[in-house]
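Below: one structure, written as structure tokens.
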Amino acid sequence: MGSVGQLVRLRREIAFESARVFWGNDAWAENNRGQRRLLSRWRADPAVALSAEGVELAADVARLGYAVQDPGYRQGLIEEVRRGYERVIEDASATVDMGGRIREAVRYVVEPMRQVPAVRELLSPLVLRTLDAYYGGRWRVQHVRMWRIGHLTEEQRQVHHYGNLWHNDQHPTSTLKFFVQMNDGVTAEGGAFRLHSIPNTRRIMRSGYLGQGWVKGPARAMLEDPRRVIAFDAPAGFGAFCNTTLCLHRAGIPPEGTTRGMVQFTFVPAEQPNRSGDPFLGLGPDTNVAEGKFA
């Protein structure tokens, strides 16, 4: 690399590091700028009536970046979703392998709501009330995903396969995700999704986090400190809101011989509230779940 190329690379690294220090995350300035003001304005002037319970849960998500809740699903719903998942996840015509290095390490269901219609019910009234409070009623579903991850050896897990390294997503910071636990017995040691709160993410960013798989100084110990890490080890049927742009997070590694499945909803701001009663109105195909794409 010539001197000009080295200078360009150095400037980029300085810009990225400055953004990490200033914003307290690894999502770049363009994904941070203006998003907090937008949400503050909408929350101060909600377009729909808000519930006290929704406001309380949304406040936790805004402050900490996450909230684990019992969505109050009807009896048998999670079992119905899990049976649908188990039926389609081995069907090559209904799924696509999307691992970057080991294709079969992560498998996505194509059009999960068509394959498993009960997935629609996972956005329960409590989930919807939380979203209304978080966005001031102005939000939409960006996509719905159902996926399975498999075991990685100690050597394999040193590089990215399916979000197994600590990272921030590169979305606008107004993006929110909701993960639904499909399996009982998920533990911190046994492959649970894990995250750091917004305050802890900021500390780690300013203590030596230089990018995915590149961590120096105190940040290295802070990333795996069990006093800081939040593991989504709740029972099947529980859900976790997480702002994966503001919170460092990573997939847990299922034990050898096992896999872990999850349903994931992604939400983004909308200019107008959806008053149709159908939160999935206008949801189009998820073009990022397809052959040739990577998790």
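The values are calculated or read from the model by the stated rules, or taken from the named source; none is laboratory data. Quick caveat, the model's predicted, so the values are computed rather than measured. Counting neighbours? That spans all protein chains shown, and the Cβs are built from the backbone with ideal geometry, glycine included. Side chains included, ligands, DNA and RNA excluded: accessible areas come from the protein's heavy atoms. Shrake-Rupley method; radii C 1.70, N 1.55, O 1.52, S 1.80 Å.
Of all the listed residues (Arg33, Arg114), the sole one being closer than 23 Å to Ser197 by Cβ, open to solvent by 60 Å² or more (accessible area, probe 1.4 Å) and free of Cβ contacts under 8 Å to residues at least 60 places away in the same chain is Arg33.
Restricting Thr244, Thr258 to residues that are touching a residue at least 24 places away in the same chain (Cβ under 8 Å), within 29 Å of Pro125 (Cα to Cα) and hydroxyl-bearing (Ser, Thr, Tyr) narrows the list to Thr244.
Output yes when any residue across the stretch 273-289 is crowded, with 16+ Cβ neighbours inside 10 Å, within 22 Å of Leu64 (Cα to Cα) and modelled with pLDDT of 95 or more, and no when none is. Within the stretch 273-289, not a single residue is crowded, with 16+ Cβ neighbours inside 10 Å, within 22 Å of Leu64 (Cα to Cα) and modelled with pLDDT of 95 or more. Within the set Gly239, Gly213, the sole residue that is at pLDDT below 95 and either on the phi < 0 side of the Ramachandran plot or not polar (S, T, N, Q) (or both) turns out to be Gly213.
Scanning the stretch 189-224 for residues that are open to solvent by less than 40 Å² (accessible area, probe 1.4 Å), in contact with a helix residue (DSSP H, G or I) (Cβ under 9 Å, 6 or more places away or on another chain) and part of a loop (DSSP other than H, G, I, E, B) yields His196, Ser197, Ser207, Gly208. Considering the conditions (1) modelled with pLDDT of 95 or more; (2) in a loop (DSSP other than H, G, I, E, B); (3) within 18 Å of Tyr66 (Cβ to Cβ), Val186 is excluded by exactly one of them, (1).
Checked against the criterion of being open to solvent by less than 70 Å² (accessible area, probe 1.4 Å), within 25 Å of Val215 (Cβ to Cβ) and out of contact with any helix residue (DSSP H, G or I) (no Cβ under 9 Å at 6 or more places or on another chain), the stretch 68-84 contains not a single residue that satisfies it.
Conditions (1) in contact with a strand residue (DSSP E or B) (Cβ under 6 Å, 6 or more places away or on another chain); (2) assigned to a helix (DSSP H, G or I); (3) modelled with pLDDT under 95, marked per residue:
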position: Gln6; (1), (2), (3): no, yes, yes
position: Ile14; (1), (2), (3): no, yes, yes
position: Arg20; (1), (2), (3): no, yes, yes
position: Asn25; (1), (2), (3): no, no, yes
position: Leu39; (1), (2), (3): no, yes, no
position: Trp42; (1), (2), (3): no, yes, no
position: Ala67; (1), (2), (3): yes, no, no
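For the criterion of being touching a helix residue (DSSP H, G or I) at 6+ places or on another chain (Cβ under 6 Å), open to solvent by less than 50 Å² (accessible area, probe 1.4 Å), in contact (Cβ under 8 Å) with a residue 12 or more places away in the chain and farther than 27 Å from Arg145 by Cα, Ala58 fails. Of all the criteria given as (1) buried (at least 16 other Cβ atoms within 10 Å of the Cβ); (2) under 15 Å from Tyr134 (Cβ atoms), the one not satisfied by Ile89 is (2).
Quick grid of which residues meet (1) modelled with pLDDT of 95 or more; (2) out of contact with any Ser or Thr (no Cβ under 6 Å at 6 or more places or on another chain):
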{"position": "Gly99", "(1), (2)": "no, yes"}
{"position": "Val106", "(1), (2)": "yes, yes"}
{"position": "Pro112", "(1), (2)": "yes, yes"}
{"position": "Pro117", "(1), (2)": "yes, yes"}
{"position": "Leu126", "(1), (2)": "yes, yes"}
{"position": "Thr130", "(1), (2)": "yes, yes"}
{"position": "Val141", "(1), (2)": "yes, yes"}
{"position": "Arg148", "(1), (2)": "yes, no"}
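Out of the residues in the stretch 148-171 that are among the polar types (S, T, N, Q) and open to solvent by less than 40 Å² (accessible area, probe 1.4 Å), which is farthest from Val110 (Cα to Cα)? Here the residue is Asn168.
Applying a threshold of 6 Å to beta carbon distances and a minimum spacing of six or more residues, or different chains, the list of pairs starting in the stretch 67-87 at a residue that is at positive phi and ending at one that is among the hydrophobic types (A, V, I, L, M, F, W, C) and part of a helix (DSSP H, G or I) reads Gly72/Leu126.
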